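The values are calculated or read from the model by the stated rules, or taken from the named source; none is laboratory data. Quantities reported herein were computed from a predicted structural model and do not represent experimental measurements. Cβ sites come from the backbone with ideal geometry, for glycine too, and all protein chains shown count toward neighbours. Keep in mind that these areas ignore ligands, DNA and RNA; they rest on the heavy atoms of the full protein, side chains included. Shrake-Rupley method; radii C 1.70, N 1.55, O 1.52, S 1.80 Å.
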Amino acid sequence: LDAADRRLHLFSIEELRQLGQVVMASRTKEDGPERGFALRVKEAMKAAYDSQSLLEPDSSEFHLEVAHMLKLLGVPHHNEVKVFEGVYHIDIVVGHGDPQDSRGKIAVEVDGPSHFVAGTEEINPHTALKRWLLAREGYKVLSIPFFDWGSLQGGAVCTAYMAYQLEDVGWNLETMSLDPLPAEE
């Protein structure tokens, strides 16, 4: 880590993202806010983004359709939410308040073909790592795979599908909030 720490200013954005993934994966909830090396990686990513004035990712038509269904349901959400200074972008965050605060939030991942092993419905390792890290950060993670979405016939069916998927991960459409987890017995 010392060698990486001394050379952070030389890393490309993609290399910093990969390093950020390692930092995220090695953190625990007890660690609290980033400090030391983790903080320097986060700061290096912010500086790299600021210096290159990178654009936010483009949302696909599929992503925009899912966001539209959430709007029709009256569900509060934010598109393309950057987490950990851009290590990842969450396609859609459902919930009230700051979307980077994972409490009471659902990370909706609109998963096109690039998220799956070619010719299968099995997620690829990159997608699996992202889902695992988002769940560790406290988000409920909801995947909307292209092969499910593409089989739906029309707006009412898509809206019903979204309502079912949200309720399945604990979103209450009446209170527009994430239901608390039931107490462990």
Rounded to one decimal in nm, the spacing of the 7 Å Cα→Cβ label points at His78 and Arg103 is 1.5 nm
Answer in debye to the nearest 20: the dipole magnitude of the range 25-178 about its Cα centre, from +1 Lys/Arg and -1 Asp/Glu charges placed on Cβ, is 520 debye
For the pair Lys46 and Ile13, the simple spin-label estimate (label points 7 Å beyond Cα toward Cβ) gives in nm 1.7 nm
With a 1.4 angstrom probe the carbon and sulfur portion of accessible area for the chain, in percent, totals 54 percent
Residues meeting the amide H criterion for Leu142 (H placed from the backbone, H to H distance under 5 Å, 5 or more places apart or on another chain) are Ala107, Val108, Glu109
Contact order relative to length for the chain, counting C-alpha pairs under 8 Å separated by 6 or more residues, stands in percent at 17 percent
Of all DSSP beta bridges with both partners in the chain, the antiparallel percent, nearest 5, is 65 percent
On each of the three principal axes the extent of the alpha-carbon atoms of the range 105-158, given in whole Å and largest first, is 34, 29, 11
Once the mean of 1/r over all distinct C-alpha pairs in the chain is inverted, the Kirkwood radius in Å reads 17.9 Å
With R₀ set to 41 angstrom, the calculated FRET efficiency between the beta-carbons of Asp179 and Asp5, to the nearest 0.05, is 0.45
Diffing the range 140-152: the Karplus 3J(HN,Hα) column from phi (6.51, -1.76, 1.60, θ = phi - 60°), in whole Hz with x for Gly and Pro, holds 7, 10, 10, 9, 10, x, 4, 6, 6, 4, x, 8, 7
Contour minus Cα-Cα span, Phe62 to Thr120, at 0.36 nm per residue, comes to 19.0 nm
